[in-house]
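Here is the structure we will look at, set down as C-alpha cells.
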Amino acid sequence: MTSFPDGFLWGAATAAHQVEGSNVNSDFWANEGRMPGMERSGDACDSYHRYPEDMRLLAEAGLNTYRFSIEWARIEPVPGLISKAQLAHYRRMIDTALGLGLTPLVTLHHFTNPRWFAEEGGWLGERAIERFTSYVEAATSILDGVPYVATMNEPNMLAMMTGLARAMQQAQASGEWQSPTVENDNGARKPLPAPEPEIGKRFVEAHHAVRDIVRKRTGAAVGWTVANRAFETRPGAEEKRRELEYIWEDLYLEGSRGDDFVGVQSYSAQWVGPEGIEPYPPHPDNTLVGTAYRPDALGIAVRHTRDVTGGVPIIVTENGIATKDDERRIAYTAEALQHLAAAMDDGIDVRGYIHWTALDNYEWGHWEPTFGLIAVDRETFERTPKPSLAWLGDVARGGALPELAREATAR
Ligand code: FCB
C-alpha cells in the first residue's frame, strides 16, 4: 500500500490532567504532593484556557482529528453534583474542534479520578461502577456530534496503578512514585508490577456498563484503548508469554469484543523469557522513558489486537516517542506508519492514526520526557510547533508517507 484510505483519521492526542493545569480536585493532583520522586503538574500547559490555540495549530498543520479527555473531577466535584459550567466548557471544546474541521475523539476517563471517588475506595470500592455510570450519564449530555468515544484509557495500566496504590496504602508506606509510563530508567527503576486480573475484570464490567449508556444516548462509536506491550518470545518462553499477554493485554482486548472500535496504544516492544518480562537493556537508542526504540512495535500491536478481538475496527489512539530530538520523532513515526501500512495491506481494518501527543506535557509525575509535536514554554505557555507537526500534517494531507508520495509523483 502506498497510501492510506480516504477518510482515514489523522490526529494528535492529549489527556486532561497532562495538559489542562490546576486539576486540583483529582486524586492524581492530591498524590503529586505526597510521593517522593514525583514532580507536580501545576499549571501544566494551561490548555484548560488555551485549547482553541492548541486545536488550531493541529488543524492548520493538516491534521483532521483531535483526541482529548474530559475530566470527571471537574464535572462531578462532589458525588452527585454535576457542574453545568464544566459540561459547557467541554462542549465548547467539542464545538471548537468541529468548527476547525477536527473530528473529536473524546475519552471519558484518562487515569484520573475525583478525589472523593478515591477516598470512597476508588475502583475497588463497592460503589465504583455505579459512580462511574452516573458520571457517564451526565457526560453523554454534551456528546452530540462526537463520532468516537473511548470509555477508558488503558484500563490495563490503570489496573496496575490501582494495585500499586493499594499496596502502598496497606503498607502505610510512602514509597517511591512509579510512573505508569517510565518503565525502566536504564535499569535504575524496578519493572512495572503486573496488573491484577481481578481489578482488570472490574474495568471490563465498567466498560460494558457505560458502553451501553453511550450507545443509547449518543450516536457515537464506542470503544476503549489498550496499552500494547508487543511481547516477543525467547525460545522456550511461549507459555510464559501467553500467560503474561493475558494478564497485560488479552483480558482487556477480549473485553472490547462487541465494541465499535478498539484503540491501539503502542510505544515499544519487549522480550519475554522463561523467567518473565526482560527489562529493556541499557542502550544509547533508548527513549527518555527508558524503553527500547522499536517503531515496529505498532505492527506487532495491531496484528495482536486483530487476533484477539476477532477484527474489531482499530484506531491507533496513541503512538509516539519520548525524545528531545525531533528528527528522531519523525524517523520513528515514519517507520511506525510503514509497519501500520503493511498490517493494513495484510487486511487489518485500521481507521486512523492518532499521535501521542500534541504538546510536550506532564508525563504522570515527570516533565522531562517530551513526546510532543509542539513545544510549550512552561513560564509563558507559548506554543512552538516542531518540524514533526508539519511533517505529520503533510502525511495527513497527502494520505501517504512523504517518500512514498514522492515515488508516486515520479512515476
Ligand atoms: C500512555 C498514556 C498517556 C501517556 C503516554 C506516554 O500510557 O495513556 O497518557 O502518558 O503513555
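None of the figures in this text is laboratory data; all of them are computed from the coordinates on show. In this text the structure is predicted, and so the values were computed from the model without any measurement. Glycine also receives a Cβ, built like all others from the backbone with ideal geometry; neighbour counts cover every protein chain displayed.
Observations
- Value at 222 nm in deg cm²/dmol, rounded to 500, when DSSP H runs of n ≥ 4 in the chain each add -39,500 (n - 2.57): -12000 deg cm²/dmol
- Spatially proximal lysines relative to residue 201 (Cα-Cα < 26 Å; intrachain offsets below 8 disregarded): 190, 216, 240
- Phi-based couplings in Hz for the stretch 67-78 (Karplus 6.51, -1.76, 1.60; Gly and Pro marked x): 9, 9, 10, 9, 9, 3, 4, 8, 6, 10, x, 9
- Rounded to 0.05, the FRET efficiency of the residue 377 and residue 283 pair, given R0 = 35 Å and the Cβ-Cβ distance, is 0.65.
- Whole-number percent relative contact order across the chain, with pairs defined as alpha carbons under 8 Å at least 6 apart: 20
- Relative contact order for the stretch 295-401: 28 percent, from Cα pairs under 8 Å spaced at least 6 residues apart, divided by residue count.
- The stretch 2-410 - charge dipole about Cα centre, Lys and Arg +1 at Cβ, Asp and Glu -1, debye rounded to 20: 740
- With the simple model of a label 7 Å out from the Cα in the direction of the Cβ, residue 194 to residue 397 spans 4.9 nm.
- Spin-label model, residue 119/residue 303: points 7 Å from Cα along the beta carbon direction are separated by 5.0 nm.
- Three-way shape call for the chain based on the alpha-carbon gyration tensor, with the a/c threshold at 1.5: rounded
- Extension gain from residue 35 to residue 275, taking 0.36 nm per residue of separation minus the Cα-Cα distance: 83.3 nm
- Within the stretch 1-36, backbone nitrogen closer than 18 Å to the virtual label 7 Å beyond the Cα of residue 345 toward Cβ: 1-6
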